[in-house]
Amino acid sequence: MFLSERVSVIMPIFNPDCTIVDSIKSVLEQSVSNIELHLIDDGSTIEYIHYIENFLKLDNVYFTRLNKNAGPAYARNLGLEKSTGRYVAFIDCDDIWKQEKLAIQLSCFEKKQTALSFSEYYMVKSTGVKKHVQVPVSLTYKKLLKNTIIGCSTVVVDRKKQALFSCP
């Protein structure tokens, strides 16, 4: 049941380089098939459409361009307004997901009956150096305030359980 539900993926974009191609591919090549991708351009000042124009022809990819930069939270919130999926996931335009990312997280919703899922991740610098960011099995609000270890590109939210939310 959970794997058949639509997943809305929201990607804020601001002055991206060619890595956006790999980011978009990592979303569209997920093992979960019912995905809509919302690309929200946050007032970019460079030309980059040539990187993504082939993706814009796909039925499940939506593109919105803001006239001026309002910040990634604003772009994510606009994506939330436009999206239709039961599940909402976020990815930055320079991040890449593993192919099973969404399937693994969606199965957690079924097992744990939770409203939000997040995962560990790697921060990779242009030099190739990796930093593995591990996250705790559970996290209280108080602990979260002390350490913002959750990477935005790892978050998936179940709208049925957390209907109204926005990005700060």
Options Phe63, Phe90: the member that is closer than 20 Å to Asp17 by Cα and touching a Cys at 6+ places or on another chain (Cβ under 8 Å): Phe90
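Are any of the residues in segment 36-50 under 18 Å from Tyr121 (Cβ atoms), open to solvent by 30 Å² or more (accessible area, probe 1.4 Å) and among the aliphatic types (A, V, I, L, M)?
no
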Residue in segment 1-35 that is least open to solvent (accessible area, probe 1.4 Å), counting only those that are assigned to a loop (DSSP other than H, G, I, E, B) and charged (D, E, K, R): Glu5
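The values are calculated or read from the model by the stated rules, or taken from the named source; none is laboratory data. No experiment lies behind these values; they were computed from the predicted model shown. Note that we place each Cβ from the backbone using ideal geometry, even for glycine, and neighbour counts take in every protein chain shown. Keep in mind that these areas ignore ligands, DNA and RNA; they rest on the heavy atoms of the full protein, side chains included. Shrake-Rupley method; radii C 1.70, N 1.55, O 1.52, S 1.80 Å.
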